[in-house]
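The values are calculated or read from the model by the stated rules, or taken from the named source; none is laboratory data. Bear in mind the structure is a predicted one, so any value in this text is a computation, not a measurement. Here Cβ is always computed from backbone atoms with ideal geometry, including for glycine, and neighbour counts include all displayed protein chains. Accessible surface areas use protein heavy atoms only, side chains included; no ligands, DNA or RNA. Shrake-Rupley method; radii C 1.70, N 1.55, O 1.52, S 1.80 Å.
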Amino acid sequence: MLPPSYTSRVSRRSLLLASAAAALAGCGVPAAYVKPGDRSAADLSTTDRRLTWANWPLYIDVDDADETKRPTLDAFEERTGISVDYVEEINDNDEFFGKISPSLMNHQQTGRDLIVISDWMCARFVRLGWVQEMDRARQPNVTRYLDPLLRSPAFDPGRKFTVPWQSGITGIAYNRRRLGREIQQVSDLWASDLKGRVTLLSGLDEAFALLMQGNGVNITKWTADDFHTVCEQIERRVGSGHIRRFTGNDYIKDLSSGDVLACQAYSGDVIQLQADDPDIEFVVPEEGAELWSESLMIPNLARHKTNAERLIDYYYEPEVAADLAAWVNYVCPVPAAQDVLASAKDKETAALAEDPLIFPDSAMRERLAVARDITAEERVDFARRWNALLGL
């Protein structure tokens, strides 16, 4: 069962690229780049059995009877003797970038050994040389169990610098009973009976890939022309009143109330919506949908790198990944955890193994792709055009 405050944790995927720190990174300031030889510090892991981990709120399992306890993390500490200072301080990718970027660009310690941010922001850290390459010899579980679909994104081939914490899908949600028909393609959003009843996501990095897929574009290698084509299409549909508005996480309320009949949506949200309204459907369109992740990284000059690598690998044990998936209900980056959940004695827990929004089936997996990220050179112009569509 999901915690009552579930919806608050997914809003981090709904925020616009707007901060000055983001603009700085978008310009790719050369002085901020850190060379590989300058990224590491003396590793104190052997003598100092601890680490500091920055994550998003409500993004780890919590004991139902005692919210101060985190069962999987507590078990790691007991097994290894490593004390984890777990800090829920990330509420927005850009805000967090602004918080730690002065230290990273000035070659100073951040005070954090492990961070979790969205892959489109991870791409920026990797390009700037702000994170350390992980030692996969210390991470056999990651090597063995990481989902093949997530192993080699364009911004980090081979996942040398990043490891997915949780994953998700950006697709289409709709109310089948109210609409009275199925939605199977992106183009179905533009049918006349949906005029004024469709919303799109407001975040540039969250919205563009699915719309490109609707045009038949391979999002692993999309072009600037593909982006501008999507913008032109959106501009016409905004002008005609077909698109009701652009939303963050508030599309949940619009869909639940019936003000909106179909919208761009995140798979994790829909699991919660379906618990309250079984008429809500989530669709991976025939043309495909974007598979995204929020990933673990070890920032430069972290003093407990080995401890952090060990923690990452611990969460890739199928049994541990299953416990986490049963609580957070995102797409699990460890497919082997499915069999663990399926064998659970509790029927509700076992049923999660059959949920394609946690463990996509083979037919769905064939339609999922990880989008190429927006480069530093592209971002300023693309953000300007996107924000103009939103009226910003």
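Structure values in brief
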read-out: Among residues of segment 176-202, those that are open to solvent by less than 20 Å² (accessible area, probe 1.4 Å) and within 19 Å of THR229 (Cβ to Cβ), counted; value: 5
read-out: Which listed residue, of GLU309, GLU317, is in contact (Cβ under 8 Å) with a residue 60 or more places away in the chain, of a type in the set (Asp, Glu) and either farther than 25 Å from VAL116 by Cβ or open to solvent by 20 Å² or more (accessible area, probe 1.4 Å) (or both); value: GLU317
read-out: Residue in segment 134-146 that is more than 23 Å from THR52 (Cβ to Cβ) and buried (at least 17 other Cβ atoms within 10 Å of the Cβ) present; value: yes
read-out: Breaking point among (1) at pLDDT 95 or above; (2) hydrophobic (A, V, I, L, M, F, W, C); (3) crowded, with 22+ Cβ neighbours inside 10 Å, for ALA336; value: (3)
read-out: Of all residues in segment 340-392 being more than 19 Å from the chain's Cα centre (by Cα) and hydroxyl-bearing (Ser, Thr, Tyr), the one that is surrounded by the most Cβ atoms within 10 Å (Cβ to Cβ); value: THR349
read-out: Leading residue by the ranking (surrounded by the fewest Cβ atoms within 10 Å (Cβ to Cβ)) among those in segment 148-166 that are under 25 Å from SER362 (Cβ atoms) and among the hydrophobic types (A, V, I, L, M, F, W, C); value: ALA154
read-out: Any chance VAL34 is more than 25 Å from the chain's Cα centre (by Cα), among the hydrophobic types (A, V, I, L, M, F, W, C) and surrounded by 14 or more Cβ atoms within 10 Å (Cβ to Cβ); value: yes
read-out: Failed condition for GLY258, given (1) free of Cβ contacts under 8 Å to residues at least 40 places away in the same chain; (2) surrounded by fewer than 14 Cβ atoms within 10 Å (Cβ to Cβ); (3) over 23 Å from the mean Cα position of the chain (by Cα); value: (1)
